[in-house]
Structures are given as structure tokens and as C-alpha cells.
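Student: Please see the structure below; I have some questions.
The values are calculated or read from the model by the stated rules, or taken from the named source; none is laboratory data. Keep in mind it's a predicted model, so treat the numbers as computed, not measured. So basically every Cβ, Gly included, is an ideal-geometry build from the backbone, and we count neighbours across all protein chains shown.
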Amino acid sequence: MIKQEQEQQTRSMERYLSPAVRNIPPSGIRKFFDLVSGSKDIISLGVGEPDFVTPWLVREACVYSLEQGRTSYTHNAGLPELREEIANYLHKRFNLTYEPSRQIIVTVGGSEAIDLALRAILVPGDEIIVPEPTYVSYSPITALCGGVAVPVQTYARDNFKLTAEALKQKLTPKTKALILSYPSNPTGGIMGYEDYLPIAKLVEEHDLLVITDEIYAELTYGANHVSFASLPGMKDRTIVISGFSKAFAMTGWRIGYACGHPDLVAAMLKIHQYTIMCAPVMAQVAAIESLRNGLEEKDRMVEAYNQRRRLVVKGFRDIGLDCHEPQGAFYAFPSIQSTGLTSQEFAERLLLEGKVAAVPGDVFGLGGEGYIRCSYATSVNNLLEALERIHKFVQKIRMF
Amino acid sequence: MSDLKVSILELLKEDSRRSPELIATMLGEDVDAVRQAIEEMERDKIIVKYATVINWNKMDDEKETALIEVQITPERGRGFDAIAERIYLFPQVKSVYLMSGSYDLLVEIDGKNLKEVASFVSNKLSTLDSVLSTKTHFILKKYKQDGVIFEDHEGDHRMVISP
């Protein structure tokens, strides 16, 4: 009896919740995670982070800094040395020039930077264009700010690139910004300079702001990453978001950054200083070390991803599943349409019957249905075994 | 040496059981080219042997390994090579390196037990004419060999599904 009353009271607390929060649909990935957690002996291709541990030299630098007692707050925008290193790095790698003192802010992962950027610019009713399938956080954060995320579908036949024609159809007078996220999680698609040119033209014509999440910038294969901010005239209207998680295998450190026009960065800093204060100092120290001495280790990891990428893409094609050539990140996004199953059905049955975890494509939004996301951030032997299991599973489905 | 050969060696160093087909796929190369490169390297003794890295600590068999610093007088005309050969031909000797610094050869010896290693050093090694002195160091525990950590505590701590 008492238990029932308690339950009722717990339920009734919903009335206190903000409608914006209440209306965010439960995460599709979360649901699948719960299903996977109960399974045994599975090989997971569902992990959205490197299988490498952070390079030892980076971890060691952090341990040393702790021994030296570096445990205090830092400047709100991050350690000046770190911002300096980020500026040098972005200049050398991607031809981007930012002033460390006014144009760079160190954040708690790229995730915080996404939140800051959207909160800094959105007015209720504003529309944000989001090419999909894409990483799962842009739309919910937009909704939290009262904005409206307008998805624009991208297709395997275009290697999941955003086209100007598709973008144009979604533009309205309320469109405030475009979110770009290349190299793409989940598709592995990338955008080159030529691909971006017509997009930049539209952005200019419609006076849009661009938030470009380039967290996978270091993980491209066969083509160098192009930052949208490096296109002519785009730098001032672009907020570049990146971080250390994927390139340096530092996901758990939660350390990223955003760069942009001083006015935009100053606005983001206002939110950051009252909500976060500063990114953890130990993670900042580690980030400095990764930029100063970790680049070779990074190259070694990228080479390993590239080898596995070739392996899984060929593996899926040999199995008879269409798989576009991913040129970035560490995901393959094969089509499972030929099996006649939906993404959810396929992923769920693959998990239970085939003992392989992959993420159903529909959780990544428009155009994700009919695909599964398979991370190749796992050992070669795991990939070989997983491909073998998927092969058997697909054969079984096709027989019945 | 060609980039292809270096890449192949790196993949085989990680796991010598990898097939030419797998290596070709991983490198995005033609399988015949990979096969040919491997054959060439086998022929040229660049690939000397496909061996297994073993953690003998985990086997119950008693086994002792020692590193011995050996000081020698080089032989006229043949330098260190002749004496090195006389040493490395013993089957107990696992490896022999010519070193810079305060001694000349570093010799790795395997034996069933301490006594066997000691007897090899005193009966075979120190009695060689050109050997001036030896210093024997027994290996107590191997932590890492050939780039492989034996007791790796860095497991996979990742959640099985993440966005």
C-alpha cells in the first residue's frame, strides 16, 4: 500500500518537469544498450570510441602533473598553453588561424561545445538544419533551447554527403544555422573542398551560421580532412568544434574545444563560466602533452583503423551486404535492406542469434533505417570473428 | 626496402598467422603482390622464422634464463665474429649481441635450472681462450618481450554500446 503511494508520488513528479525535457524522446541507443547488457559472449561493433587506451606518454604526463599538485581551477577558457597548442595544431593541420586568447575555448568534451554553441545562438522558433543520419545529440539540444531541428536526408548513393540541392529545400526565413558533422558518425562519410563549395555559397546567400563538429577530423583515409571554416569567407560564420577523444583515444577525459569569431566565443564563454567554470585541469594537461608529443601515436592508430576499415568493408561486401566506402571516422554503415528486415529487427536478431552487437541505423535519424552502424574500433581478430558470425546470420535469414 | 614490405612485416610482427589474403585486404593491395613480397623476404632471410612469443612464467616447467656480459679479446683479422660464432653455436645460447660500452658480447642462455646455466658458464664459456671475464645475471621475471606485455592489465573497459 505504502509502496503504491510512493510510486504514485514518484510518477506525479513529472508535473514539475519542463516540457522541453519531457518531450525529448528516449534515446534509441540507450534502449539497445539495455538489451545488449543482458547478453553474454557477444562481440560488440557498437562502441563509439577507440579501442586503444590513451597513449602512455599522455597518461604519464597527467600522473606527473598530479604529483606536482596541479589540481586547481584554470582560466575559464582553458590553460593558455593549451589554447596556444590548439591554435598551432589547427594552423598546421587544417589551415585554420585562431587567436588563442579570444577565439578558442576549452570545453568538457566536444559535447559541451555543441551545447554551448547552440545555447549561445538559439532563440525559440529558430530552425537548425541537421543532415542525417547523424550523431544523436544535435536535435535534442536544439529542442532544449526551444529551437527546431530540421533534418535533411543524405544518401548512400552520394556517400552520405550533403548536397546543396537537398539543403536548399529545407531553408526557410527561420533558418539560423547549419550543423555539419564530417567525418560522419555513423556513416563514415566525409566532405571535401569541392563538396563544400556550393554549401558555402548557400550559407553566404542565406546569411547562416555554421556549427561544424569535426571531432573525427584526424580519422580520414585517402583524403585529408577539410574544415568548413577554411573555405573562403566561412571562418567568421563558422564555429569549429573538435576535441581529443577520437584522435588521441581520450574519450573518458572529456576534453574538447570550440573556435570561432570572438563575439561567438565570448558568448559561449559566458555560459561555460557559469555552468562548468573550466574543463578539468588534469585533462587539460594531458591534452597539451597529446598535441606536443602524441601525434606519432595518433598516426599509428589511424593506420590501424584504416587497415580494419578495408577489412570490414570487404567483409560486408563479400557477405552480400551493400556497403558504401566510408572515408572517415571508424564506422562502416552497411545496408541490410536486402535481408528484408528493419534496422531494429536486424540488430536485435543479430544480437540474440548471431551474438554480434551493432547499432540499428534508425537511431541516427532520417535515412538511417535500412542500415546498421558497425564500429571497427576493435581488434582484427574480433572483426574477423564478427564478420564470420554476421555471415552465418545473414545466410540463415536468406534461407527462410 | 619497399613500403609494402615494411607494412607486411609490421602486420606479421603483430600476428605471424595472418594470411596473405588478409594482409592484402588490410593494406588495400593485390594479394599476388603481397604473396610475392613475402616469398622474397623469406628467400632473402628478412623473414627468418615464424615463431611464437611464449610466457614461460605460466608453464610449470622449471626454466632459468640468464644474461651474461662477456668481455673478450678480439681475434686478429676476424674481430669479434669468430668468437661470437663459437658461442652462438651452443644450443643453450638463445641470443648473442655485440655491444658498445663496458663489455663486448651479451649472451642469453636458457637452462633447466640455475645449476645448468652456471655449469655452462664455468665449463664452456669462461674456458674459451679469448674470453677475459663473464658476469652472469639471472632473469627473475619477464614483464615485456618483443613489444608484448605479458601481464597486461589494460583490459577493455568500454561500454558495449555507445553513441
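Student: Conditions first: (1) within 14 Å of chain A (Cβ to nearest Cβ); (2) in contact with a strand residue (DSSP E or B) (Cβ under 6 Å, 6 or more places away or on another chain). B:Val96 passes all but one, so which condition is the exception?
Tutor: (1)
Student: Here is a follow-up. Which members of the range B:84-125 meet the condition of being of a type in the set (Gly, Ala, Ser) and either within 20 Å of the chain's Cα centre (by Cα) or under 27 Å from B:Asp61 (Cβ atoms) (or both)?
Tutor: B:Ala84, B:Ser95, B:Ser100, B:Gly111, B:Ala118, B:Ser119, B:Ser122
Student: So, in the range B:16-63, of the ones that are small (Gly, Ala, Ser) and part of a loop (DSSP other than H, G, I, E, B), which residue ends up nearest to A:Pro326 (Cα to Cα)?
Tutor: Ranking the candidates gives B:Gly28 first.
Student: Can you list the helices (runs of 4 or more DSSP H) lying wholly within the range A:81-200 that have 2 or more residues being touching a residue at least 12 places away in the same chain (Cβ under 8 Å) and small (Gly, Ala, Ser)?
Tutor: A:109-121, A:138-144, A:164-170
Student: Output yes when any residue across the range A:191-209 is of a type outside the set (Phe, Trp, Tyr) and within 23 Å of A:Asp362 (Cα to Cα), and no when none is.
Tutor: Taking every residue of the range A:191-209 in turn, at least one turns out to be of a type outside the set (Phe, Trp, Tyr) and within 23 Å of A:Asp362 (Cα to Cα).
Student: What single numbered condition from (1) under 30 Å from A:Met282 (Cβ atoms); (2) at pLDDT 85 or above fails to hold for A:Arg30?
Tutor: (2)
Student: A:Val302 is checked against (1) aliphatic (A, V, I, L, M); (2) under 30 Å from A:Val58 (Cα atoms); (3) away from chain B (no Cβ under 11 Å); (4) more than 20 Å from the chain's Cα centre (by Cα) and fails just one. What number does that condition carry?
Tutor: (4)
Student: Another one. Take the range B:137-163 and flag every residue that is within 8 Å of chain A (Cβ to nearest Cβ) and of a type in the set (Gly, Ala, Ser).
Tutor: B:Ser162
Student: Right, something else. Answer with yes or no whether A:Glu353 is over 26 Å from the mean Cα position of the chain (by Cα) and part of a helix (DSSP H, G or I).
Tutor: yes
Student: Just one of B:Ile68, B:Ile83, B:Ile87 is in the same structural domain as B:Asn113 (by TED's automatic domain parsing), among the hydrophobic types (A, V, I, L, M, F, W, C) and more than 24 Å from B:Leu114 (Cα to Cα); which is it?
Tutor: Only one candidate passes the filter, namely B:Ile83.
Student: Could you please find all residues in the range B:116-136 being touching a helix residue (DSSP H, G or I) at 6+ places or on another chain (Cβ under 9 Å) and either within 12 Å of chain A (Cβ to nearest Cβ) or not hydrophobic (A, V, I, L, M, F, W, C) (or both)?
Tutor: B:Lys124, B:Asp129, B:Ser130, B:Thr134, B:Thr136
Student: OK, next. Look at A:Ala113 and say whether it is among the hydrophobic types (A, V, I, L, M, F, W, C), surrounded by fewer than 24 Cβ atoms within 10 Å (Cβ to Cβ), in contact with a Phe, Trp or Tyr (Cβ under 9 Å, 6 or more places away or on another chain) and more than 14 Å from chain B (Cβ to nearest Cβ).
Tutor: No, not satisfied.
Student: Checking the structure you have, find out if any residue of the range A:235-253 is more than 19 Å from the chain's Cα centre (by Cα), hydrophobic (A, V, I, L, M, F, W, C) and surrounded by fewer than 24 Cβ atoms within 10 Å (Cβ to Cβ).
Tutor: Within the range A:235-253, not a single residue is more than 19 Å from the chain's Cα centre (by Cα), hydrophobic (A, V, I, L, M, F, W, C) and surrounded by fewer than 24 Cβ atoms within 10 Å (Cβ to Cβ).
Student: Just to verify a result, which residue in the range A:281-299, among those that are among the charged types (D, E, K, R) and more than 21 Å from the chain's Cα centre (by Cα), is surrounded by the most Cβ atoms within 10 Å (Cβ to Cβ)?
Tutor: A:Glu289
Student: Can you tell me which residues in the range A:20-33 are more than 9 Å from every other protein chain (Cβ to nearest Cβ) and in a helix (DSSP H, G or I)?
Tutor: If the condition is that a residue be more than 9 Å from every other protein chain (Cβ to nearest Cβ) and in a helix (DSSP H, G or I), then A:Ala20, A:Val21, A:Arg22, A:Gly28, A:Lys31 are the ones that fit.
Student: Which ones in the range B:23-46 are loosely packed, with under 13 Cβ neighbours inside 10 Å and either within 14 Å of chain A (Cβ to nearest Cβ) or in contact (Cβ under 8 Å) with a residue 24 or more places away in the chain (or both)?
Tutor: B:Asp30
Student: List pairs: first in the range A:29-40 and assigned by TED's automatic domain parsing to the domain that holds A:Phe364, second among the β-branched types (Val, Ile, Thr), Cβ under 6 Å, 6+ apart or cross-chain?
Tutor: A:Ile29/A:Val363; A:Phe32/B:Ile161; A:Phe33/B:Ile161; A:Val36/B:Val160; A:Val36/B:Ile161
Student: Then there is this: Please find, among A:Phe316, A:Phe364, the residue that is under 26 Å from B:Glu14 (Cα atoms) and within 14 Å of chain B (Cβ to nearest Cβ).
Tutor: A:Phe316
Student: Which count do you get for residues in the range A:322-360 that are buried (at least 21 other Cβ atoms within 10 Å of the Cβ) and either in the same structural domain as A:Ile215 (by TED's automatic domain parsing) or within 16 Å of A:Ile397 (Cβ to Cβ) (or both)?
Tutor: 11
Student: Return yes when A:Ala217 is farther than 20 Å from A:Gly361 by Cβ and either of a type in the set (Gly, Ala, Ser) or touching a Pro at 6+ places or on another chain (Cβ under 9 Å) (or both) and no when it is not.
Tutor: The answer is yes for A:Ala217.
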